[in-house]
Amino acid sequence: MEARITTLPGDGISPEVVAEAVKVLHKVAEVYGHAFEFEEALVGGAAIDATGEPLPAETLTLCRGSDAVLLGAVGDPKYDNPLSPVRPEQGLLALRKGLEVFANLRPVKLYRQLLHASTIKPEVIADVDLLVVRELTGGIYFGERGRESTDGTLAAYDTMFYTVPEVERVVRLAFDLARRRRKKVTSVDKANVLESSRLWRETASRVAEDYPDVGFESMYVDIAAMRLVRYPCVFDVIVTGNMFGDILTDEASMIAGSMGMLPSGAIGAHKPGLFEPIHGSAPKYTGQNVVNPIATILSAAMLLRYSLELEDEAQAVEDAVEAVLAEGYRTKDIREEGTTLVGTREMGDLIAERIGQQ
Ligand code: IPM
Ligand code: MG
């Protein structure tokens with residue numbers, strides 16, 4: 001197969017982890033006889049530095065013309081000032097919106113070898129295998145926002161806004177995915193308080209009627225947050241809005257041992273999908289060859305699976321990750337006694353070497 005992949009190295013540590021994922025994709029191409037063409041573009045703080053804009057028009061055009069997009073992370077403390085008129089994160093949000101990738105799949109799987117790396121008790125997380133489907137192009141991230149001043153008091157507001165079709169398409173996708181898994185969907189909202197959540201719940205319940213073979217429940221987000229660390233094994237597919245999904249997946253990453261382990265894939269009705277680790281740009285570790293590239297490598301596996309429909313190749317990458325962990329290699333974030341500490345590049349090399357050897 002021939003495929004054009006746009007890579008967006010982004011900010012902080014993210015060029016380092018994207019390089020390792022590209023290394024792994026090169027190895028996949030070599031072993032399975034594919035021709036992957038990579039082209040790099042700017043987004044986030046790196047793009048602001050070079051062009052003044054967080055998502056230059058050329059970047060979006062290049063992404064739209066490719067088969068898949070692999071992104072690291074964006075974010076640079078230089079632009080953290082709340083009054084900064086332009087921010088790296090705007091580039092990421094504009095990219096998600098521009099590619100219309102409305103569903104962000106965030107699988108949370110615990111590798112057996114990392115059972116003791118998690119801060120949560122092993123017996124609680126032993127059998128976790130869940131998938132969060134986060135709505136990605138709507139909700140409070142994209143609703144009207146602003147500041148206003150009444151009688152000298154400054155105020156600010158953000159709006160959580162959802163249309164029925166926006167909820168329907170992401171919930172439907174969650175049900176379709178659940179059919180290929182353990183057939184259970186939990187829709188997460190805050191319907192006891194928010195009107196947008198009441199509409200979400202009504203719509204999700206209606207979609208559920210089309211899937212009588214799939215179990216369905218609605219849950220408040222506060223309860224879901226508690227259950228994720230108390231009984232995480234009860235979840236199969238969780239579908240939720242943009243902000244709740246953002247928060248719950250950082251929490252869920254601790255089940256997998258580290259933020260450095262959790263991949264994600266954002267898909268929409270058309271190509272290309274956007275694949276990125278859930279973690280941020282971790283600026284303080286930049287250039288030290290210490291961060292974990294596995295979340296980005298597993299995002300590349302999702303890219304193979306969802307955008308290129310190369311299931312065997314995706315599985316080969318996941319098996320290679322598992323093999324390297326089983327051999328005892330660990331980056332700093334998941335290190336335990338009796339394991340071998342390796343850097344970002346070495347972890348990438350080890351995983352790439354094992355592609356096609358399983
Ligand atoms: C994520 C990140 C982003 C988000 C930030 C960087 C804007 O936290 O992908 O989870 O909130 O969506
Ligand atoms: Mg987040």
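Note on the range 228-322: with charges restricted to the Cβ of Lys and Arg (+1) and Asp and Glu (-1), its dipole about the Cα centre is near 380 debye.
In the chain, the calculated helix contribution to ellipticity at 222 nm averages -11500 deg cm²/dmol per residue, counting -39,500 (n - 2.57) for every DSSP H run with n ≥ 4. Size descriptor for the chain, Kirkwood hydrodynamic radius: 20.9 Å (Cα pairs only, one decimal). In plain terms, the chain from K271 to M1 could stretch by 95.6 nm, reckoned as 0.36 nm per residue minus the Cα-Cα distance. In loop segments of the range 140-203 as defined by DSSP, the GluC sites (Glu not before Pro) with at most 15 further C-beta atoms inside 10 Å of their C-beta are E144. Take the chain with all the other protein chains still there, run a 1.4 Å probe, and you get 43 Å² of accessible area per residue. Ordering of 253-263, 154-164 by packing is 253-263, 154-164, highest average first (other Cβ atoms within 10 Å, averaged per residue).
Remark on V108: its backbone amide H falls under 5 Å from those of L130, L131, V132, a criterion applied only to residues 5 or more positions apart or on other chains, H modelled at 1.01 Å from N. Comparing the range 1-117 with the 2.2 N^0.38 Å rule of thumb, its C-alpha radius of gyration ratio is 1.19 (two decimals). Here the translational diffusion coefficient of the range 269-344 follows from Stokes-Einstein with Rh set to the Kirkwood radius across Cα pairs; for 20 °C and 1.002 mPa s it amounts to 155 µm²/s.
Overall, the accessible surface of the chain at a probe of 1.4 angstrom is composed of carbon and sulfur to the extent of 51 percent.
Lys/Arg Cβ at +1, Asp/Glu Cβ at -1, dipole of the range 1-147 taken about the Cα centre: which of L99, Y32, G143 is farthest positive-ward? With unit charges placed on the Cβ atoms, the residue in question is G143.
The values are calculated or read from the model by the stated rules, or taken from the named source; none is laboratory data. Source: prediction; values computed, not measured. For neighbour counting, all protein chains shown are included, and Cβ atoms are generated from backbone atoms with ideal geometry for every residue, glycine included. With ligands, DNA and RNA removed, areas are computed over all heavy atoms of the protein, side chains included. Shrake-Rupley method; radii C 1.70, N 1.55, O 1.52, S 1.80 Å.
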